[in-house]
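Down below is the structure, laid out as structure tokens.
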Amino acid sequence: MTLYITLYTAKHSIIQVEENSIFTWRQESGDIDESMLINKIKRESSVHFFEMIAGENYPIKEEDITVTINKAKPFS
């Protein structure tokens, strides 16, 4: 398994705050599946980020978040 790192930007369709962050994950060596990575970032990071911003009264849905991968590479 290879450790990878990505620099990404996440935007919510209503909340006017951007998440600019990094994310690490492990996968078998080879090409990066960008759609898998975007879904993983939404599920494991961005949903929680926007929940903290929005508070308890506004539900955050994955489909309201857009993630752009800026860079991704093996991390050693």
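Couple of notes before you dig in:
- Residues that are among the polar types (S, T, N, Q) and either more than 15 Å from residue 71 (Cβ to Cβ) or in contact with a Gly (Cβ under 9 Å, 6 or more places away or on another chain) (or both), drawn from segment 5-50: 13, 16, 27, 29, 35, 39, 45, 46
- Hits in segment 39-66 - residues which are surrounded by 15 or more Cβ atoms within 10 Å (Cβ to Cβ) and within 15 Å of residue 5 (Cβ to Cβ): 40, 41, 45
- For first residues located in segment 37-62 and closer than 18 Å to residue 24 by Cβ and at pLDDT 95 or above, partners that are aliphatic (A, V, I, L, M) and part of a loop (DSSP other than H, G, I, E, B) and lie 6+ apart or on another chain with Cβ distances below 6 Å form the pairs 47/60.
The values are calculated or read from the model by the stated rules, or taken from the named source; none is laboratory data. Predicted model only: the values in this text are computed from it and were never measured. Because the Cβ atoms are built from the backbone with ideal geometry, glycine has one as well, and the counts that use them run over all protein chains shown.
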